[in-house]
Amino acid sequence: MTLIEIASLFEARKLSVIEATGLDKDALHIYFGMTLFLAVRFAWRGRGGWIAAWLAVLAMACGGEWLDLTAEHSNSTIQPDAAHWHDIWNTMFWPTVLLIVGRWLQPQPGTAGLGDNAERRLEQA
(Lines give C-alpha, C1' and ligand atoms only; values in the text may rest on other atoms or scores of the structure.)
Protein backbone atom coordinates (compact mmCIF):
# COMPACT_ATOMS: atom_id res chain seq x y z
CA MET A 1 0.00 0.00 0.00
CA THR A 2 1.47 3.36 -0.99
CA LEU A 3 1.58 6.45 1.18
CA ILE A 4 -1.08 8.16 -0.94
CA GLU A 5 -3.40 5.17 -0.49
CA ILE A 6 -2.82 5.20 3.26
CA ALA A 7 -3.50 8.95 3.38
CA SER A 8 -6.70 8.52 1.36
CA LEU A 9 -7.85 5.70 3.63
CA PHE A 10 -7.06 7.84 6.69
CA GLU A 11 -9.07 10.72 5.25
CA ALA A 12 -12.03 8.44 4.46
CA ARG A 13 -12.02 6.95 7.97
CA LYS A 14 -11.81 10.39 9.53
CA LEU A 15 -14.79 11.60 7.49
CA SER A 16 -16.79 8.51 8.45
CA VAL A 17 -16.08 9.13 12.16
CA ILE A 18 -17.15 12.77 11.74
CA GLU A 19 -20.39 11.69 10.06
CA ALA A 20 -21.10 8.94 12.61
CA THR A 21 -20.49 11.08 15.70
CA GLY A 22 -21.79 14.42 14.47
CA LEU A 23 -18.69 16.12 15.87
CA ASP A 24 -16.81 18.72 13.92
CA LYS A 25 -13.17 18.20 13.05
CA ASP A 26 -11.86 20.40 15.88
CA ALA A 27 -13.76 18.48 18.56
CA LEU A 28 -12.56 15.22 17.06
CA HIS A 29 -8.94 16.35 17.47
CA ILE A 30 -9.56 17.23 21.12
CA TYR A 31 -11.28 13.93 21.94
CA PHE A 32 -8.68 11.78 20.19
CA GLY A 33 -5.83 13.68 21.85
CA MET A 34 -7.31 13.32 25.32
CA THR A 35 -8.21 9.66 24.77
CA LEU A 36 -4.70 8.76 23.68
CA PHE A 37 -3.13 10.81 26.48
CA LEU A 38 -5.24 9.11 29.16
CA ALA A 39 -4.77 5.64 27.67
CA VAL A 40 -0.98 5.95 27.64
CA ARG A 41 -0.96 7.55 31.10
CA PHE A 42 -3.08 4.77 32.62
CA ALA A 43 -0.91 2.13 30.93
CA TRP A 44 2.33 3.81 32.09
CA ARG A 45 1.79 4.93 35.67
CA GLY A 46 5.44 5.02 36.61
CA ARG A 47 8.08 7.68 36.29
CA GLY A 48 8.02 9.39 32.92
CA GLY A 49 4.43 8.41 32.13
CA TRP A 50 3.29 12.01 31.78
CA ILE A 51 6.01 12.73 29.21
CA ALA A 52 5.38 9.46 27.33
CA ALA A 53 1.65 10.23 27.09
CA TRP A 54 2.33 13.77 25.86
CA LEU A 55 4.84 12.53 23.27
CA ALA A 56 2.35 9.90 22.04
CA VAL A 57 -0.25 12.61 21.46
CA LEU A 58 2.32 14.81 19.72
CA ALA A 59 3.29 11.92 17.44
CA MET A 60 -0.37 11.23 16.66
CA ALA A 61 -1.12 14.90 15.95
CA CYS A 62 1.90 15.38 13.68
CA GLY A 63 1.36 12.03 11.97
CA GLY A 64 -2.29 12.82 11.33
CA GLU A 65 -1.46 16.21 9.87
CA TRP A 66 1.25 14.66 7.73
CA LEU A 67 -1.32 12.20 6.34
CA ASP A 68 -3.73 15.11 5.80
CA LEU A 69 -1.05 17.01 3.87
CA THR A 70 -0.30 13.93 1.77
CA ALA A 71 -3.99 13.45 0.95
CA GLU A 72 -4.38 17.15 0.12
CA HIS A 73 -1.31 17.08 -2.09
CA SER A 74 -2.62 14.08 -4.04
CA ASN A 75 -6.03 15.78 -4.47
CA SER A 76 -4.49 19.20 -5.20
CA THR A 77 -6.51 20.76 -2.36
CA ILE A 78 -3.75 21.99 -0.08
CA GLN A 79 -4.95 24.05 2.89
CA PRO A 80 -2.91 26.89 4.39
CA ASP A 81 -0.33 25.98 7.02
CA ALA A 82 -2.34 27.85 9.66
CA ALA A 83 -5.14 25.27 9.38
CA HIS A 84 -2.73 22.42 10.06
CA TRP A 85 -1.13 24.21 13.01
CA HIS A 86 -4.64 24.88 14.35
CA ASP A 87 -5.35 21.14 14.29
CA ILE A 88 -2.11 20.36 16.13
CA TRP A 89 -2.90 23.09 18.68
CA ASN A 90 -6.39 21.66 19.26
CA THR A 91 -5.00 18.17 19.75
CA MET A 92 -2.17 19.21 22.07
CA PHE A 93 -3.79 21.85 24.31
CA TRP A 94 -5.34 19.72 27.09
CA PRO A 95 -2.59 17.07 27.11
CA THR A 96 -0.11 19.95 27.56
CA VAL A 97 -2.14 21.35 30.46
CA LEU A 98 -2.21 17.90 32.07
CA LEU A 99 1.53 17.49 31.51
CA ILE A 100 2.22 20.79 33.27
CA VAL A 101 -0.03 20.11 36.28
CA GLY A 102 0.51 16.34 36.27
CA ARG A 103 3.23 16.34 38.87
CA TRP A 104 0.76 17.78 41.38
CA LEU A 105 -1.95 15.26 40.44
CA GLN A 106 0.15 12.18 41.14
CA PRO A 107 0.52 11.10 44.78
CA GLN A 108 4.07 11.36 46.06
CA PRO A 109 5.82 8.27 47.45
CA GLY A 110 5.49 7.99 51.20
CA THR A 111 2.23 9.93 51.46
CA ALA A 112 -0.06 6.93 51.18
CA GLY A 113 -2.08 6.51 54.35
CA LEU A 114 -1.05 9.92 55.66
CA GLY A 115 -4.43 10.32 57.35
CA ASP A 116 -3.94 7.12 59.36
CA ASN A 117 -0.49 8.18 60.50
CA ALA A 118 -1.79 11.61 61.49
CA GLU A 119 -4.40 10.00 63.74
CA ARG A 120 -1.80 7.75 65.38
CA ARG A 121 0.46 10.72 66.05
CA LEU A 122 -2.40 12.55 67.75
CA GLU A 123 -3.21 9.49 69.88
CA GLN A 124 0.42 9.15 70.97
CA ALA A 125 0.70 12.78 72.03
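The values are calculated or read from the model by the stated rules, or taken from the named source; none is laboratory data. Since this is a predicted model, take the numbers as computed values, not measurements. Cβ atoms come from the backbone with ideal geometry, glycine included; neighbour counts cover every protein chain shown. Only protein heavy atoms, including side chains, enter the accessible area calculation; ligands, DNA and RNA are left aside. Shrake-Rupley method; radii C 1.70, N 1.55, O 1.52, S 1.80 Å.
Quote the FRET efficiency, to the nearest 0.05, computed for Leu9 versus Trp94 with a Förster distance R0 of 30 Å and r equal to the Cβ-Cβ distance.
That pair, Leu9 with Trp94, gives E of 0.65.
Using a 1.4 Å probe over the heavy atoms of the protein chains, calculate the carbon and sulfur portion of the accessible area of segment 5-99 as a whole percent.
Using a 1.4 Å probe with all protein chains present, segment 5-99 comes out at 70 percent carbon and sulfur.
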